[in-house]
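Student: Attaching a single structure in structure tokens format; questions to follow.
The values are calculated or read from the model by the stated rules, or taken from the named source; none is laboratory data. This structure is a prediction, so every number in the text was calculated from the model and none was measured. With ideal geometry, Cβ positions are generated from the backbone for all residues, glycine too; neighbour counts draw on all protein chains shown.
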């Protein structure tokens, strides 16, 4: 089990057990606040190619994106955002800092706190989302990602992109609206496809796995890329695969999706079948790629990622 803050509660690196009183942010806090951080299981390290059976996949607590807290909220969590790093506590480090309500995680009201430049609410204990990826519960990681995305969206939409007037929050939806020209700005979301390409049949079936040029570890994954304006998802799959590794695919089938806050993506997972072509790699994107049978997969992503789900489903014949 690991907390966001990895130091003991009594150390200088964490909020004290009995901090000075603060003004509430938006809602009354419960009269008795828990002093523990969110704790997470380390699911597994990078590198294990062993697929997870469907029964072993965690069942996350439901998260509901909302504009205001539910009346039945029993506690609050404040996700302090420092770039792409987060620090979670049961109260805001400074009530003067801008806050954004994220939604309800079970009966816990979740808030994103915009930490001003130069401030350090976690005394160095902030954790980058990329470090947490694969080591935390999927829903809790997504909530932290939502905090990063919404705080960054608010930072970059303080003024109208059309006339330059200062914007204000809309009353009944999550949007910034210009009081002068009426332009509305909604949270950014960039759709991106991620695809497992296969060829062959039965025990001889192979999957195409690639190592990205920017991967920090020798890990192999599915092919991915952003959807371009004017194309549908199936066209994006075919284009990205051909651009990155030079092969032609068809039989594009949707599998699942996953939020990906780097910076504002929604990953849309697909399967596709190889039709023709030899591997010709785009060296700016792909360092290596090869076809692998089920019993010879290399280092692959951790279980929290949609890439791992696509690979596991193929290994276990779930799709």
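Student: Within the range 282-296, how many residues turn out to be in contact with a helix residue (DSSP H, G or I) (Cβ under 6 Å, 6 or more places away or on another chain) and not in a helix (DSSP H, G or I)?
Tutor: Qualifying residue count, the range 282-296: 4.
Student: Inside the range 200-218, can you point out the residues that are within 25 Å of residue 316 (Cβ to Cβ) and either surrounded by fewer than 17 Cβ atoms within 10 Å (Cβ to Cβ) or under 19 Å from the mean Cα position of the chain (by Cα) (or both)?
Tutor: Result: 200, 201, 202, 203, 204, 205, 212, 215, 217, 218.
Student: On to the next question. Give the range 106-119 a look and list any residue that's in contact with a strand residue (DSSP E or B) (Cβ under 6 Å, 6 or more places away or on another chain) and more than 22 Å from residue 263 (Cβ to Cβ), or say none.
Tutor: 108, 109
Student: Oh, and also: Pick from 275, 245, 280: which is out of contact with any strand residue (DSSP E or B) (no Cβ under 9 Å at 6 or more places or on another chain) and either within 25 Å of residue 142 (Cβ to Cβ) or modelled with pLDDT of 95 or more (or both)?
Tutor: Among 275, 245, 280, only 280 is out of contact with any strand residue (DSSP E or B) (no Cβ under 9 Å at 6 or more places or on another chain) and either within 25 Å of residue 142 (Cβ to Cβ) or modelled with pLDDT of 95 or more (or both).
Student: Please go through the range 94-115 and pick out each residue that is outside any strand (DSSP E or B) and surrounded by 18 or more Cβ atoms within 10 Å (Cβ to Cβ). Let's see the steps before the verdict.
Tutor: Going through the range 94-115, the residues outside any strand (DSSP E or B) turn out to be 94-98, 106-107, 115.
Result: 115, single match.
Student: Restricting to the range 297-319, count the residues that are assigned to a helix (DSSP H, G or I) and in contact with a strand residue (DSSP E or B) (Cβ under 9 Å, 6 or more places away or on another chain).
Tutor: Of the residues in the range 297-319, 9 are assigned to a helix (DSSP H, G or I) and in contact with a strand residue (DSSP E or B) (Cβ under 9 Å, 6 or more places away or on another chain).
Student: Okay, next question. Would you check if residue 255 is under 21 Å from residue 284 (Cβ atoms), at pLDDT 95 or above and buried (at least 17 other Cβ atoms within 10 Å of the Cβ)?
Tutor: Details: under 21 Å from residue 284 (Cβ atoms): no; at pLDDT 95 or above: yes; buried (at least 17 other Cβ atoms within 10 Å of the Cβ): yes.
No; evaluated as a whole, the condition is false for this residue.
Student: Given the residues 161, 103, 122, which is the only one that is touching a residue at least 12 places away in the same chain (Cβ under 8 Å) and either within 26 Å of residue 70 (Cβ to Cβ) or out of contact with any strand residue (DSSP E or B) (no Cβ under 9 Å at 6 or more places or on another chain) (or both)?
Tutor: After applying the criteria, what remains is 103.
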